[in-house]
1. Ranked by accessible surface with a 1.4 Å probe, highest first, in what order do Lys29, Lys245 come?
2. Once you sort the root eigenvalues of the Cα gyration tensor of the stretch 114-214 as a ≥ b ≥ c, which label holds: rounded (a/c under 1.5), prolate (a/b larger than b/c) or oblate (the other case)?
3. Going by a ≥ b ≥ c, the root eigenvalues of the Cα gyration tensor, does the stretch 66-160 fall in the rounded group (a/c under 1.5), the prolate group (a/b larger than b/c) or the oblate group?
4. Report Glu186's accessible area, 1.4 Å probe, all protein chains in place, as a number in Å² to the nearest 10.
5. When Lys and Arg each count +1 and Asp and Glu each count -1, what net charge do the other residues less than 14 Å away from Pro108, Cβ to Cβ, add up to?
6. With a 1.4 Å probe and all protein chains kept in place, how much accessible area does Arg295 have, in Å² rounded to the nearest 10?
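The values are calculated or read from the model by the stated rules, or taken from the named source; none is laboratory data. What you are looking at is a predicted structure, and each value in this text was computed from that prediction instead of being measured. Here the Cβ positions follow ideal geometry from the backbone for every residue, glycine too, while neighbour counts run over all protein chains shown. Quick note on the areas: whole protein, heavy atoms, side chains included, nothing else; ligands and nucleic acids left out. Shrake-Rupley method; radii C 1.70, N 1.55, O 1.52, S 1.80 Å.
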Amino acid sequence: MESDQPFMRESGDEEQVTQTMTILNQERKDFIEFCLDGTKDMFSFGRSPMNDFSVTGYLTERGPTMSRFAFRLEIDREPPHACRVFAGGFDDRHQIFIGDGAISWNRPRPDGFVTNGVRVMYDPNHTEWLEVSCRGSNFTRRPDHLNRGQLIPGDNILTDGSIISVGGLTFIWQSGAEPQGWTRKEFNDYLNTRHVQCPVQLQTIHFVGTQIQPMVNAEDYLLPWVFPSCGHVHGYSPALKMEGKCTLCRTPGVFAPLRLEPDPVTRMLCSQKPTRVFNPCGHAIDDAGADRWCRVPIPTLSERIEQVPSYKCCPYCRATLDFETPHSRLLYQMDDDS
């Protein structure tokens, strides 16, 4: 996929200036000039429809959480197609404007943040959030709403599984390489061949995609539902839904559809056969994915970025996970124990 416009890199003394970054603060006004770079593509994200990807975020009492031009990605056109992340984006006047309401500075070089911040977790095996600036520098968490955090040496290149959190939304970076995980069809076929039984109704459960709609037809009673607090899989039953606890082990909890998202989302987040279920939403995932997402603290919405607490959530639907039992092993009654 190529962007309509090449990436705008910072210009040299004799290069043609096509776009600018304006940093406004109480002391001075700084301008950084950019020129075309035909070796890279640029993609912008934000609530403005002028972005390559328009994302609205949330609306709070203080206004929208997503900036009009929240962040941008720079991707090399040549292999290995390295992807770099920057805060802010160019508007219809070909400018990145950092107003006096956002944190900015001019030493050692002019730079700044967008108002609500762009946090990045570069390494999928670690849980440290960094805030990226408009020129691609990384900083630790802000100590307050007036000052930036500590500068962290290193580049701003994303790797498979890197997470970007901005405006209450979470983005997961995946390269163009085909994910190697299980597809939804493979998982459904695997379970259908083993004739999973509902332990209460003693009927064979049919695995046919993702169940997210209310039960309306008689055949819907044969679709898989689960008690995420314990992992026991049943067919749908209004009585089970009203019960509030598993009929097999009597563990209290909600009764939810067993869900598996469409490809390639499932293949990106679930590299092995799904064996666990998130509590309470009912999304299926493998052991490694469940362990990882229970260690990733996702920032919540807050009036000030430095006061943002974090919580553990499902990567598919962002539902808050149960504190004591965030996920359970899926337990089926079927022809064999595999």
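1. Details: Lys29 115, Lys245 70 Å².
Ranking Lys29, Lys245 by accessible area, largest first, yields Lys29, Lys245.
2. Values: a/c = 3.97, a/b = 2.62, b/c = 1.52.
It is prolate, given that a/c is not under 1.5 and a/b is the larger ratio.
3. oblate
4. Roughly 90 Å² of Glu186 is accessible to a 1.4 Å probe.
5. +2
6. Rounded to the nearest 10, that gives 100 Å².
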